[in-house]
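Colleague: The structure that follows is given in the form of structure tokens.
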Amino acid sequence: MGNQLLYRPIAVGSDVRELRLAAGLSQEAAAERFELSLRVWQMKEAAKNPAPLSQGEYELLLLLAGRHPHYALVPQKKK
């Protein structure tokens, strides 16, 4: 059991813009969050021939948007 995945990987979709908006991020904020240039982020949202997101980028975007099928972000309590 040890290192087995609990869930199968999530297929990367093409709803990048919709997820970014659901996460409340501007293109500039998303580019900064993912340590990309604004132009590279815009390419990932392009309608024709979008640049692909990595599995990790997509899953983080799903988490930020509150749409991950297996996990949810939980705010930390202030100490």
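Colleague: Looking at region 22-62 only, could you name the residues that are within 19 Å of L73 (Cα to Cα), surrounded by fewer than 16 Cβ atoms within 10 Å (Cβ to Cβ) and under 11 Å from the mean Cα position of the chain (by Cα)? Walk me through it before giving the result.
Modeller: Let us first name the residues in region 22-62 that are within 19 Å of L73 (Cα to Cα), namely 22-25, 29-30, 33-34, 55-62.
Now narrow it down to the ones that are surrounded by fewer than 16 Cβ atoms within 10 Å (Cβ to Cβ): 22, 24, 29, 55-56.
Answer for region 22-62, where residues must be within 19 Å of L73 (Cα to Cα), surrounded by fewer than 16 Cβ atoms within 10 Å (Cβ to Cβ) and under 11 Å from the mean Cα position of the chain (by Cα): A22, Q55, G56.
Colleague: Restricting to region 1-56, give me the number of residues that are in a loop (DSSP other than H, G, I, E, B), small (G, A, S) and at pLDDT below 95. Give the derivation first.
Modeller: Step one: of region 1-56, the residues in a loop (DSSP other than H, G, I, E, B) are 1-15, 23-26, 34-37, 46-54.
Add one more test, that the residue is small (G, A, S), and what stays is 2, 11, 13-14, 23-24, 26, 37, 46-47, 51, 54.
Checking which are at pLDDT below 95 leaves us with 2, 11, 13-14, 46-47, 51, 54.
The number of residues fulfilling the criteria is 8.
Colleague: Continuing with this model, one more query. Could you count how many residues in region 63-79 are open to solvent by less than 100 Å² (accessible area, probe 1.4 Å), assigned to a loop (DSSP other than H, G, I, E, B) and touching a residue at least 40 places away in the same chain (Cβ under 8 Å)?
Modeller: The number of residues fulfilling the criteria is 4.
The values are calculated or read from the model by the stated rules, or taken from the named source; none is laboratory data. Owing to the predicted nature of the structure, the values given are computational and were not obtained by experimental measurement. Glycine gets a Cβ as well: all are built from the backbone with ideal geometry, and neighbour counts include every protein chain shown. With ligands, DNA and RNA removed, areas are computed over all heavy atoms of the protein, side chains included. Shrake-Rupley method; radii C 1.70, N 1.55, O 1.52, S 1.80 Å.
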